[in-house]
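Have a look at the structure below before the remarks.
The values are calculated or read from the model by the stated rules, or taken from the named source; none is laboratory data. Bear in mind that the values here come from a model prediction, so they are computed numbers and not experimental data. Backbone-built Cβ (ideal geometry, glycine too); neighbour counts: all protein chains shown. Heads up: the accessible areas ignore ligands, DNA and RNA and are worked out on the full protein's heavy atoms, side chains in. Shrake-Rupley method; radii C 1.70, N 1.55, O 1.52, S 1.80 Å.
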Amino acid sequence: NMSLLDEGAFLWAGSMLLSLLLSTATPAKSSNRTQEKPLRIALLGFGAINSEVGKAIQEGSHGLERRSVKLVKVLVRTKGDGRQADIFTTSFEDLMEAQPDIIVEAAGQPSIRQYGAKILSNCDVLLTSIGALTDDSVLSSLVSVAEKAGTKIHLASGAMPALDWMHASSLGGGDAQSVEVEQRKPPKSWLGACLKGDALDFNSLTEDATVFEGNAREAASLFPKNANVSAMLGLSTVGLDKCSVKLVAALGDFGTTVKYSGEAGSLEVKTKGKQSKTNPRTSAVVPLAVIKAIKNMTSVVVIGA
């Protein structure tokens, strides 16, 4: 049930936000950025996703050019081993004083609720914890702040395959539009993942077990570290409440299967992506999707427009 926005307005807002990424919209005056000055990037969080993103920025790897991007500050909870350099900070104020052009969020849904509006009052943000937007009040608030400040909310495609095709097709509307997604992950990926507590003994499964079955709003809310991909799919197509989601603790055949039907046609795609080496709940492709988004913001040739 939509509390602040009716369904049509909500879908419009979601579509508007997603189009910022899928059309590879760039910050103002960025067409000459490589000739003028590099894109100043700050990172919110430094786990499995942003550690790879930060490395690519500093090394100028994965298609990024060092003359086009600059890592200016990284916000972490604690400055432990390997985080003593001046670029790391535990202060949000220090992060903003670095005057970034964009902040890449990979610190979980609570960080968006805590810092999202403050960030957008000053610069653009690229979100990976899309599930935070399942809360209508959060989505509405961030959109309002961004509109007033002239900033943008970029949504990382993450581990969702064929998102550009499905989002484009969904713009045609139509009653026949339907979307289903099934995520199959190893049992250990679901340990402690549900905010309501584990309903299954994941350490003793002898066969595949359904962890959740419902819509994208519920999935991303209950499993904030596992089901952001379902929120992204819902926002980009039929909406959070009409996007069907099934989460499975699987003993094999891991991956994500998406079935889509719309005005422009139908699609069924299955990925067998690898897990992050440092976090089994994160797909290895997610930091690469973020890097791709940054590359499109700074490149003369934009792929996926």
Going through region 258-277 one residue at a time, which ones are within 18 Å of the chain's Cα centre (by Cα) and in contact (Cβ under 8 Å) with a residue 24 or more places away in the chain? V258, T271, G273, Q275, S276
Test of understanding: among E93, E7, which residue is surrounded by fewer than 22 Cβ atoms within 10 Å (Cβ to Cβ), modelled with pLDDT under 95 and of a type in the set (D, E)? E7
Going through region 239-265 one residue at a time, which ones are in contact with a Ser or Thr (Cβ under 7 Å, 6 or more places away or on another chain), over 20 Å from K188 (Cα atoms) and among the polar types (S, T, N, Q)? S261
Residues being outside any helix (DSSP H, G or I), in contact with a strand residue (DSSP E or B) (Cβ under 9 Å, 6 or more places away or on another chain) and among the small types (G, A, S) - total across region 86-127: 4
Counting only residues that are open to solvent by 30 Å² or more (accessible area, probe 1.4 Å) and under 19 Å from the mean Cα position of the chain (by Cα), which one in region 96-126 is nearest to Q58 (Cα to Cα)? D101
Filtered residues of region 248-272 (kept if acidic (D, E) and either touching a Pro at 6+ places or on another chain (Cβ under 7 Å) or within 11 Å of A162 (Cβ to Cβ) (or both)): E268
D86 vs. criteria within 20 Å of Q114 (Cβ to Cβ) and either open to solvent by 50 Å² or more (accessible area, probe 1.4 Å) or of a type in the set (V, I, T) (or both): no
So how many residues does region 34-65 have that are surrounded by fewer than 20 Cβ atoms within 10 Å (Cβ to Cβ), closer than 16 Å to D101 by Cβ and touching a residue at least 24 places away in the same chain (Cβ under 8 Å)? 4
Has region 150-165 got any residue that is modelled with pLDDT of 95 or more, open to solvent by less than 20 Å² (accessible area, probe 1.4 Å) and not β-branched (V, I, T)? yes
Checking V181 against (1) touching a residue at least 12 places away in the same chain (Cβ under 8 Å); (2) open to solvent by 10 Å² or more (accessible area, probe 1.4 Å); (3) touching a helix residue (DSSP H, G or I) at 6+ places or on another chain (Cβ under 8 Å), which single condition isn't satisfied? (2)
